[in-house]
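Working notes for the structure below.
The values are calculated or read from the model by the stated rules, or taken from the named source; none is laboratory data. Quick caveat: nothing in here was measured; it's all calculated off a predicted structure. Glycine gets a Cβ as well: all are built from the backbone with ideal geometry, and neighbour counts include every protein chain shown.
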Amino acid sequence: MSLTRHDFLKATAAAAAASMLTSLEAFATNVRAKKIRIGIIGCGSVSGVYLPHLSKSPYVELVSACDIILDRAKKRAEEFKIPNHYPDITRMLAGAPFDLLVNTTDMQEHEHLNKSALDAGKHVWSEKPMANSYKAGRSLLDLAKSKNLRIWGAPAVVNSPQFAFMSKAIRDGKLGKVSSAHAHYGHLGPTWSAFFYEKGGGSLPDLGVYNLATLTGLLGPAKSVVAMTSIVTPTRKVDNKGTIKVEAEDNAMVLMDHGQGVISHVQCGFNYFDPYGHEGTGQQNHTVSIWGTHGNMGLVGYDWAPFGVDLATHDHEQPERFVPDAQDYVWQQGASVIAQAMVEQTEPLIGAEHALHVLEVIEATRESAATGKRVDLESTFRWPVV
Ligand SMILES: NC(=O)c1ccc[n+]([C@@H]2O[C@H](COP(=O)([O-])OP(=O)(O)OC[C@H]3O[C@@H](n4cnc5c(N)ncnc54)[C@H](O)[C@@H]3O)[C@@H](O)[C@H]2O)c1
């Protein structure tokens with residue numbers, strides 16, 4: 001059997017939409033694409049971390065760079081030897097062909113750019129959030145399925161070996177009956193772009209999203225949410241717009257009910273003094289803690305860049321440190337891992353349904369904060385993740 005590369009990509013996506021892994025494995029026996037052609041849109045801060053990783057991947061061919069600030073696209077194209085660059089999505093989609101859009105633009109731009117890419121027959125890896133609302137995100141996933149395409153959303157926290165260790169410890173009953181968890185992530189806020197503070201931005205989709213993905217990934221989909229949010233710093237000075245009014249929450253406390261009595265808490269914000277800074281280097285404290293009737297464990301460092309897991313149990317009360325090495329996990333690996341999975345026709349751990357669930361939690365958090373009420377959730381995802 002011989003397939004064109006285009007047919008192959010369409011076919012693998014169709015298989016995934018239908019029955020995921022088994023169908024993909026069937027394709028694997030027939031044909032293999034060697035590289036996934038990538039167009040990256042949004043050549044700002046995070047592209048400077050994504051592109052070094054993508055450019056080293058044997059599964060990736062970087063085809064196009066795009067930014068509404070054309071100089072940024074041109075600079076990234078030169079830096080990473082990307083043959084084409086464009087000033088907008090329309091010209092990018094009409095230009096050199098590619099398979100996967102990597103969207104690293106402002107949070108508020110993701111939804112319409114992801115939709116344009118799907119409409120044009122491209123697969124999508126999107127920085128968080130996948131869309132501006134849960135409902136719009138669900139429509140994007142439906143659109144992708146209807147066109148035999150795939151869409152995935154950051155973060156990539158479920159890929160870390162520490163996440164795998166914690167997930168297995170829970171499943172193996174090391175903690176006994178799990179009851180409670182806490183996670184936190186904050187710093188003093190980005191200084192370069194206004195979108196983090198404008199409507200559709202906020203510390204929840206920028207920072208809390210990691211902890212929400214980790215805790216729902218470990219404890220299961222949340223059934224309902226109770227929350228408070230606030231704005232602590234009403235104006236900010238940012239590089240691209242000067243002094244701006246802060247419109248999105250810069251302080252959030254979220255309580256999630258995971259069912260069967262398990263309750264967790266996430267706090268995040270842009271007003272957290274943290275001596276370890278944005279990068280978290282050297283952070284030795286636990287930022288994710290989980291308790292059960294037989295044991296507890298704490299993730300050392302942030303979940304997007306963990307340094308180990310401390311586990312104390314009924315049988316070994318002195319905490320022991322496990323997985324002190326990130327192995328080949330880095331937070332910026334998301335798009336590269338997806339390209340590899342597409343080439344190898346395997347189903348990645350990162351899933352669109354999980355990203356959508358986290359988006360629904362964020363939306364429910366805001367609703368609960370505004371109304372003072374508990375908000376039920378409808379979304380779910382394949383769990384356990386690992
Ligand atoms: N910077 C980080 O450390 C970091 C880490 C993880 C995730 N993220 C996420 O990555 C995304 C981008 O963040 P950033 O810090 O790189 O922001 P940034 O402001 O540095 O870069 C965003 C870029 O997107 C471009 N852009 C905006 N709208 C566009 C459009 N319609 N078409 C083409 N280009 C467009 C902007 O001109 C800008 O160059 C956000 O979702 C953010 O939450 C950032």
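Yes or no: residue 56 among the basic types (Lys, Arg), away from the ligand (no atom under 11 Å from the Cβ) and either closer than 30 Å to residue 328 by Cα or surrounded by fewer than 23 Cβ atoms within 10 Å (Cβ to Cβ) (or both)? For residue 56, the condition - among the basic types (Lys, Arg), away from the ligand (no atom under 11 Å from the Cβ) and either closer than 30 Å to residue 328 by Cα or surrounded by fewer than 23 Cβ atoms within 10 Å (Cβ to Cβ) (or both) - is met.
Results for (1) part of a strand (DSSP E or B); (2) of a type in the set (Phe, Trp, Tyr); (3) more than 16 Å from the ligand (Cβ to nearest atom), shown as yes or no for each residue.
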site	(1), (2), (3)
222	no, no, yes
227	yes, no, yes
233	no, no, yes
249	no, no, no
254	yes, no, yes
257	yes, no, yes
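Just give me the residues in the stretch 303-325 being of a type outside the set (Asp, Glu) and within 16 Å of the ligand (Cβ to nearest atom), in sequence order. Once the filter is applied, which keeps residues that are of a type outside the set (Asp, Glu) and within 16 Å of the ligand (Cβ to nearest atom), the stretch 303-325 yields 304, 305, 306. Of all residues in the stretch 160-179, those that are within 22 Å of residue 334 (Cα to Cα) have Cβ atoms under 8 Å from Cβ atoms of residues that are in a helix (DSSP H, G or I) and at pLDDT 95 or above, 6 or more apart or on another chain, in 163/157; 163/214; 163/217; 163/218; 166/218; 167/217; 167/218. Screening residue 32 against (1) assigned to a loop (DSSP other than H, G, I, E, B); (2) more than 16 Å from the ligand (Cβ to nearest atom); (3) modelled with pLDDT of 95 or more leaves a single unmet condition, (3).
Has the stretch 367-377 got at least one residue that is within 30 Å of residue 53 (Cβ to Cβ), of a type outside the set (Asp, Glu) and surrounded by 15 or more Cβ atoms within 10 Å (Cβ to Cβ)? No, there is no match, as no residue in the stretch 367-377 is within 30 Å of residue 53 (Cβ to Cβ), of a type outside the set (Asp, Glu) and surrounded by 15 or more Cβ atoms within 10 Å (Cβ to Cβ).
Filtered by the rule that a residue be in a helix (DSSP H, G or I) and out of contact with any strand residue (DSSP E or B) (no Cβ under 6 Å at 6 or more places or on another chain), the stretch 56-85 gives 56, 70, 71, 72, 75, 78, 79. Residues in the stretch 269-295 that are surrounded by 13 or more Cβ atoms within 10 Å (Cβ to Cβ) and without any contact (Cβ under 8 Å) to a residue 12 or more places away in the chain: 276 alone. Tallying residues that are surrounded by fewer than 19 Cβ atoms within 10 Å (Cβ to Cβ), touching an Asp or Glu at 6+ places or on another chain (Cβ under 7 Å) and aliphatic (A, V, I, L, M) within the stretch 245-268 yields 1. Please find, within the stretch 296-308, the residue that is surrounded by the most Cβ atoms within 10 Å (Cβ to Cβ) out of those that are among the hydrophobic types (A, V, I, L, M, F, W, C) and within 21 Å of the chain's Cα centre (by Cα). That would be 299.
In the stretch 221-238, the qualifying residues are those that are in contact with an Asp or Glu (Cβ under 7 Å, 6 or more places away or on another chain) and either charged (D, E, K, R) or closer than 15 Å to residue 249 by Cβ (or both), and the one that is surrounded by the most Cβ atoms within 10 Å (Cβ to Cβ) is 229. Restricting attention to the stretch 59-79, the residues that are within 15 Å of the ligand (Cβ to nearest atom) and either crowded, with 16+ Cβ neighbours inside 10 Å or of a type in the set (A, V, I, L, M) (or both) add up to 13.
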